[in-house]
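Contents: one structure, followed by commentary.
The values are calculated or read from the model by the stated rules, or taken from the named source; none is laboratory data. This one's a predicted model, so the numbers in the text were calculated from it and none came from an experiment. All Cβ positions, glycine included, derive from the backbone under ideal geometry; neighbour counts span all protein chains shown. Side chains are part of the model used for accessible areas, which takes the heavy atoms of the whole protein and leaves out ligands, DNA and RNA. Shrake-Rupley method; radii C 1.70, N 1.55, O 1.52, S 1.80 Å.
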Amino acid sequence: MSDLTHLTISEARAKLRGKEISAAEITEAYLAAIDRANPVLNAYVAVTADKARDMAKASDAKLAKGEGGALEGIPLGIKDLFATEGIHTQACSHVLDGFEPRYESTVTTNLWADGAVMLGKLNMDEFAMGSSNETSYYGPVINPWRRSRVDTVVMPTTHQGDGGFVSAGGTKTQRTLDNAQLVPGGSSGGSASSVAAFLCAGATATDTGGSIRQPAALTGTVGIKPTYGRCSRWGIVAFASSLDQAGPIARDVRDAAILLRSMASVDPKDTTSVDRPVPDYEAAIGKPIKGMKVGIPKEYRVDGMPEDIEALWQQGIAWLKDAGAEIVDISLPHTKYALPAYYIVAPAEASSNLARYDGVRYGLRVPGKDIIDMYEKTRAAGFGREVKRRIMIGTYVLSAGYYDAYYLQAQKVRTLIKRDFENVFAAGVDVILTPATPSAAFGIADEDMASDPVKMYLNDIFTVTVNMAGLPGISVPAGLDGKGLPLGLQLIGRPFDEETLFQTAHVIEQAAGRFQPEKWW
Amino acid sequence: MSVDLQTVKRVARLARIAVSEEDAERMTGELNAILGFVEQLNEVDVSGVEPMTSVTPMEMKKRQDAVTDGNKAADIVANAPATEENFFLVPKVVE
């Protein structure tokens, strides 16, 4: 019954409620799929099979009584950044070795209260710092998508007579999968890879600069970063507190809407959680977008952008126009400064947040000759290269004499970035359409990116502005490039207007169709 | 602005991360690449612009000044590398 893993959440929900399938069956199907695929894809860092079976059993009892919650019996993967009581929670870092919290994050608490089943913890870039899932202490995650080559094959020829007359037998095209392994994007690479490879029905993820939307785009999945304050950050390992937001990665737009409704809440334990009721996002799907004003920002047309991505963007514009939307050219003049401002604000906050990993309260401890030596050795051994790099940048820009020049300047630029969006929305634009990423999935251990950290950072060039302004953004698959790899479009909305994003993303999904990788794993 | 080897070592000390000579040299190059990239922020005219303090305009939530949690000493030390009777153990800090 492995095809149970191919059901979307909405399909599985109907079959579970109709008692056509049981939560135990669908959970076993996913556990079997994980067993087979995980040695290759490395998407899970911990599989909680026993817990999954117990939760599925409890779900089946509820479903039998007709008492199932919104996600009753739906098996999910959880990013390793979310605290899960008594279960591996390490942000995929060595410094949190053995950490099993005594509490549960608000987002996962909400999911379990709605009946979801936990399959395990998903791989990610260490402390969510990365765009390729290669900084994880647990090794890289592999993208289930591979490039393919389309060859024109000449049919066998026949020789006739002594004159050596040759007749060509015609041609046909043949698609061959390349063996090169690609990254799934990051930091939520395990979430994206496991959803795309049918190793969970949906996954939790987090997004500080693009960590939900970029991996979703690179794996042909749907990912939404809601407005800052929509999902509680309580119990999520902190990276950059003014930018971090949780959201789902799912196989289609409807599933993303279903998951976000359960994840989002008003939480007194997070002072930045916003006091607004959570709407029924699914109800927005299928509503016409006739008359909607869609902004196309000219600053997102960057030098060296592949033709495939420009073509995809034009295609997206055409689809929305066909659906009755009004397309307007807009300008977000401070766009190019978002990424440099981010690389001051995010490391500054990270350097403060990561000060807590000191070898005293949890995780790794490396002995030293005195307490300072112990701190320094523990942090040297516990953090990976990228994390150290960001702590160092953050410490430097916050240090005496540099604070005004870097941090204060960046926070002022951030005000201007947010103002750009406010002006456009005030002018009547309902939603903004952009590419999600500047390229399709790239190779594991890409030399260019390994040699220059800034090259890796440029992956987030289209997504990071949204975090800087606290806005909601969704990445929806819109097509394949010339090599057969998925590409995504991004929609950016007004604060707390996730409904418009689901509504519009669904129009793109209907036009583009859905994409799934050819199975090789 | 760029950093030299001495600055990198000083920052590493502030961040409590032990670095070898080789680490420090590599980090100097990496940090300068990043600082070079963020340099472009200086072209932005920010006169009269307030620095952002909160991305969503909202008043800080306050709770009642009452005890709502506690008596969890065993939970709090449960993940610590070294403890004794619900205390964290650290290397000697006072002679």
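At-a-glance table
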quantity: Candidates A:240, A:250, A:246, filtered to the one that is closer than 28 Å to residue A:426 by Cβ, at pLDDT 95 or above and in the same structural domain as residue A:109 (by TED's automatic domain parsing); calculated: A:240
quantity: Per-region count, the stretch A:373-383, residues more than 7 Å from chain B (Cβ to nearest Cβ) and either more than 22 Å from residue A:89 (Cβ to Cβ) or touching a strand residue (DSSP E or B) at 6+ places or on another chain (Cβ under 9 Å) (or both); calculated: 1
quantity: Qualifying residue in the stretch A:368-377 (condition: touching a Ser or Thr at 6+ places or on another chain (Cβ under 7 Å) and either assigned to a loop (DSSP other than H, G, I, E, B) or open to solvent by less than 10 Å² (accessible area, probe 1.4 Å) (or both)); calculated: no
quantity: Selection from the stretch A:398-411 of residues that are assigned to a helix (DSSP H, G or I) and out of contact with any helix residue (DSSP H, G or I) (no Cβ under 9 Å at 6 or more places or on another chain); calculated: A:404, A:408
quantity: Count - residues of the stretch A:195-242 that are within 14 Å of residue A:256 (Cβ to Cβ) and in a loop (DSSP other than H, G, I, E, B); calculated: 8
quantity: Residues of the stretch A:325-339 that turn out to be open to solvent by less than 50 Å² (accessible area, probe 1.4 Å) and in a loop (DSSP other than H, G, I, E, B), as a count; calculated: 4
quantity: Enumeration of residues in the stretch A:340-361 that are in contact with a Leu (Cβ under 9 Å, 6 or more places away or on another chain) and at the interface with chain B (Cβ under 8 Å from one of its Cβ atoms); calculated: A:340, A:341, A:344, A:351, A:360
quantity: Positions within the stretch B:5-60 being more than 8 Å from every other protein chain (Cβ to nearest Cβ) and touching a helix residue (DSSP H, G or I) at 6+ places or on another chain (Cβ under 7 Å), in sequence order; calculated: B:5, B:9, B:24, B:25, B:28
quantity: Failed condition for residue A:322, given (1) over 30 Å from residue A:453 (Cα atoms); (2) assigned by TED's automatic domain parsing to the domain that holds residue A:209; (3) surrounded by 15 or more Cβ atoms within 10 Å (Cβ to Cβ); calculated: (3)
quantity: Residue selected from the stretch A:395-404 under the condition more than 7 Å from every other protein chain (Cβ to nearest Cβ) and without any contact (Cβ under 8 Å) to a residue 12 or more places away in the chain, by the criterion least open to solvent (accessible area, probe 1.4 Å); calculated: A:402
